[in-house]
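Here is the structure we will look at, set down as structure tokens.
The values are calculated or read from the model by the stated rules, or taken from the named source; none is laboratory data. Just so it is clear, the structure is predicted and the values come from calculations on it, not from any experiment. Note that each Cβ is placed from the backbone with ideal geometry, even for glycine, and that neighbours are counted across all protein chains shown.
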Amino acid sequence: MALPVFIDIKTSHNDEGGFPTAIAWSLPDGSIKSVLIVPDDEWEPWGNSGPEVDVQHLLDQGESGLEIVREINQDLSGQTAFIDGLDDDEFMLERLFETYNNAPDFELATLTQLLPGNDIESLLAIRSQIADEYQFDIHHIDDNIRAMLYLFEQLSS
């Protein structure tokens, strides 16, 4: 059975000048890809990052935003990718793609659209229980994706 795909983005900060620093997405087989993003000069990374963001680490260890955009489109083309709907994921994804003159080849939707009949508070409470049970840190994007995959499996069985 193919699983729904999920996407999560970590940002430098939640203000208007914030930029994407890492992105994770799942594939229909449940595997997860996660990468750091080399900040584009247009984002003015040295002036638009909080103290918890190591810009030099992103420059040294990150991958090109253009390559990431291409890989995500290749992996998720024609599918719907689900987000928890809490953060600025949609805005940051748009910023990432627009910076490299691209558009997503996939649709975005929220958990409540994937699991209708459940309000977001209930879904997030169950996700937190799953995270506690499996010792996931949902503030890490790959763990958040894992928790959402488990959430889907739990509620759709």
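For F91, the conditions (1) touching a residue at least 12 places away in the same chain (Cβ under 8 Å); (2) within 30 Å of D119 (Cβ to Cβ) are fulfilled apart from (1).
Among the strands (runs of 3 or more DSSP E) confined to segment 4-85, the ones with at least 2 residues that are β-branched (V, I, T) and either crowded, with 16+ Cβ neighbours inside 10 Å or out of contact with any Asp or Glu (no Cβ under 9 Å at 6 or more places or on another chain) (or both) are located at 5-11, 20-26, 32-36.
Quick one: I68 ticks every box in (1) at pLDDT below 95; (2) over 30 Å from S157 (Cα atoms); (3) among the β-branched types (V, I, T) except a single one, so which number is it? In the conditions (1) at pLDDT below 95; (2) over 30 Å from S157 (Cα atoms); (3) among the β-branched types (V, I, T), I68 misses (1) alone. Within segment 97-128, which residues are in a helix (DSSP H, G or I) and over 18 Å from the mean Cα position of the chain (by Cα)? If the condition is that a residue be in a helix (DSSP H, G or I) and over 18 Å from the mean Cα position of the chain (by Cα), then E121, S122, A125, I126 are the ones that fit. Among residues that are touching an Asp or Glu at 6+ places or on another chain (Cβ under 9 Å), exposed (fewer than 14 other Cβ atoms within 10 Å of the Cβ) and not β-branched (V, I, T), S156 is not included.
Scanning segment 86-96 for residues that are of a type in the set (A, V, I, L, M, F, W, C) and not in a loop (DSSP other than H, G, I, E, B), we see that the one that is farthest from L36 (Cα to Cα) is F91. Residues that are in contact with an Asp or Glu (Cβ under 8 Å, 6 or more places away or on another chain), without any contact (Cβ under 8 Å) to a residue 60 or more places away in the chain and aromatic (F, W, Y) are absent from segment 142-152. So which pairs qualify, if the first residue must be in segment 8-22 and under 16 Å from F97 (Cβ atoms), the second must be buried (at least 20 other Cβ atoms within 10 Å of the Cβ) and aromatic (F, W, Y), the Cβ gap must be under 6 Å, and the two must be at least 6 apart or on different chains? Pairs found: F19/W43. Taking A22 as the residue in question, decide whether it is touching a Lys or Arg at 6+ places or on another chain (Cβ under 6 Å) and over 25 Å from Q154 (Cα atoms). In short, yes.
Annotation: I126 fulfils all but one of (1) under 19 Å from T80 (Cβ atoms); (2) of a type outside the set (D, E); (3) in contact (Cβ under 8 Å) with a residue 24 or more places away in the chain; the unmet one is (1).
What tally of residues in segment 129-153 results from selecting those that are of a type outside the set (D, E, K, R), within 19 Å of G30 (Cβ to Cβ) and over 17 Å from the mean Cα position of the chain (by Cα)? Write out each step before concluding.
The initial filter retains those residues of segment 129-153 that are of a type outside the set (D, E, K, R), namely 129-131, 134-136, 138-141, 144-145, 147-152.
From what's left, within 19 Å of G30 (Cβ to Cβ): 130-131, 134-136, 138, 140-141, 144-145, 147-152.
Filter once more, keeping what is over 17 Å from the mean Cα position of the chain (by Cα): 130, 134-135.
Count: 3.
Being under 17 Å from the mean Cα position of the chain (by Cα) and without any contact (Cβ under 8 Å) to a residue 24 or more places away in the chain is not true of S26.
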